[in-house]
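Nothing in this text is a laboratory measurement; each read-out follows from the coordinates by a stated rule. All figures in this text were calculated on a predicted structure; none of them were measured in a lab. FYI the Cβ positions are ideal-geometry reconstructions off the backbone, even for glycines, and counts take in every protein chain you see.
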Amino acid sequence: MNKNRKLLVVASVIFAFQNRMKTFMPIVISVILISLLFPLAGYSSSVKSRDKIPTFRVGYIFSDHSLLSIAAAHKAEAFKGQGPYLETVINNEVYRLISKNGDQVANIEMIVTNSGAEAATMLSQKQLDISMFSVTVVMSNRDRDVPIKVLGPAHLGGNSLVFHKDTGVKDWDTFYNYIQQSTTPVSIGYISPTSSATIIIKSALAKNGISYTEDFENSEADVLLVNLRSTANFMTAMSSGQVVGWIGPSPFPMVAEHQGIGNIVFESSEFPPLDYFVDFPCCCLVASEHIIENYPNEMQIFVDLMRFTADFLNNNRDEAATIVSERIGVPKEAAKLSTVHYTVVPTESWMRGTEVLYNFLNGTGHFNGKMQNLDFEEVKSEIFDFRFTNH
């Protein structure tokens, strides 16, 4: 009896185990399969991460100094078949960067910035990847070890000195005579202490024996330089008498002349001594070191698009003026007066101007970090990366 009961218990246990195995076997098998496949899933994920299409956040300012990126987005699919182009996702905001072979290589987000200083801050905070702003702003940020580099210029020229029409100042001789005859410092505005335009006029005044100050209490200087902080203040500052003139980027000098408010005295390249300020640096193509190092192929395609856009703008001035008018909001007739030359290729005179800008800032104690008291060869290694433009 005891033996039979033992056999019955064993049989019951086996039966129960078989039933439970029928229930759990699919789960067990699934767990085993998942465990076996997990390394492959991890490998697949890492490959996907490496091959994922990057997103480049491109900053721009409402000025024709940023026209390369603005025009590339404006033309978008119209450039198809001629090289890299942008495919529109949301007009003026989101695009796909397409290679000349028709492959998508990056997503592009267009982001408006108010100034080069703001754009540089956004780059340092990883809110932008690419932008166009003054090379002097790059120098200031490299001094603080912000990981950005200049890929090349965005344009040549494009800064002009404007005086109120009632002054009669319209060339160097009338400019010089007006200053000499004034009994008080002649007030001239600028938009940023470290902008290329500001350094151009300071250098030009000093080279021509004209003293200047930024101290409103100083009545002995020939010129009082006034920080207007924004191009939006140019017209009102001159109309109100806060300043009699200002130096600034196109298209604003052309707008002042078109509206009958002021006269363009001369462009930066026309400041004496002649030829000293030709091709003088202003805004340049800037990118974070992160995307330069991690996405070199995609960046090459983007820079190639900027190069093609530069050629297009130089060879189609009327259409360039239309784009400036429609996207920046200035009269087309004023935009047509612009003499900006677009290029991403550094010229010898552009490099010489960069050295002038650095020496001016360094000589006035502007730097207190890694850019302080360098020779120009060291400066070049700190701020330039021409791998995408020198070919």
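The convex hull of the Cα atoms of segment 311-391, projected and averaged over all directions, covers 7.7 nm². Stretching the chain fully between Glu326 and Asn227 yields a gain of 32.8 nm (0.36 nm per residue, less the alpha carbon separation).
Over all Cα atoms in segment 54-201, the spread is summed up by Rg and Dmax: 19.8, 66 Å. Here the dipole of segment 159-270 is about 240 debye; that uses its Cα centre as origin and unit charges on the Cβ of Lys and Arg (positive) and Asp and Glu (negative).
Using a ≥ b ≥ c from the Cα gyration tensor of segment 159-270 (square roots of the eigenvalues), is it rounded, prolate or oblate, where a/c under 1.5 gives rounded and otherwise the larger of a/b and b/c decides, a/b for prolate?
rounded
In this rough spin-label picture, where each label sits 7 Å from Cα along the Cβ direction, the Val146-Lys52 distance is 2.6 nm. One decimal place: the segment Glu289-His341 gains 16.0 nm when fully extended, by the rule 0.36 nm per residue minus the C-alpha distance.
Taking only C-alpha pairs under 8 Å that are 6+ residues apart, what is the relative contact order of segment 242-378 in percent?
28
Between Gln180 and Lys100, the FRET efficiency estimated from the beta carbon spacing at R0 = 45 angstrom works out to 0.20.
Coordinate range of the alpha-carbon atoms in the chain per principal axis, descending: 133, 46, 41 Å.
In this simple spin-label model, placing a label point 7 Å from the Cα along the Cα-to-Cβ direction at both Glu93 and Asp311 gives a separation of 3.3 nm.
What number, rounded to the nearest 500 deg cm²/dmol, is the helix-based mean residue ellipticity at 222 nm of the chain, given -39500 (n - 2.57) per DSSP H run of at least four residues and division by all its residues?
It lands at -14500 deg cm²/dmol.
For a paramagnetic label modelled at 7 Å from the Cα of Gln82 toward its Cβ, which residues of segment 97-128 fall within the zone defined by backbone nitrogen distances under 16 Å? Flagged as within label range: 98-101.
For the chain, with only Lys/Arg (+1) and Asp/Glu (-1) charged at the beta-carbon, what is the dipole magnitude about the Cα centre, in debye rounded to 20? Provide the component values of the computation, followed by the final result.
Values: 31 positive and 40 negative charges, 666 e Å.
Dipole about the Cα centre, nearest 20: 3200 debye.
For the peptides 53-65, 213-225, 109-121, the ranking by packing is 53-65, 109-121, 213-225, with the highest mean count of neighbouring Cβ atoms within 10 Å listed first. Residues whose amide H comes within less than 5 Å of that of Ile148, counting only those at least five positions distant or on another chain, are Glu289 (H built at 1.01 Å from N in the peptide plane).
Sorting the segments 127-138, 354-365 by their residues' average number of neighbouring beta-carbon atoms within 10 angstrom, most packed first, yields 127-138, 354-365. For a paramagnetic label modelled on Lys207 (point 7 Å from Cα along Cα→Cβ), amide N atoms under 15 Å away belong, within segment 274-315, to 274-282. Spatial offset of segment 338-361 relative to segment 91-110 amounts to 29 Å, using the alpha carbon center of each. Our summary gives the chain a relative contact order of 22 percent, counting only alpha carbon pairs under 8 angstrom and 6 or more residues apart.
Ordered by packing density, taken as the mean number of other Cβ atoms within 10 Å over each peptide's residues, highest first, how do 334-344, 242-252 rank?
By packing density, highest mean first, the sequence is 242-252, 334-344.
Helices assigned as whole DSSP H runs in the chain whose Cα atoms extend at least 27 Å along their own long axis and whose mean Kyte-Doolittle hydropathy is -0.5 or higher are found at 2-51, 296-315.
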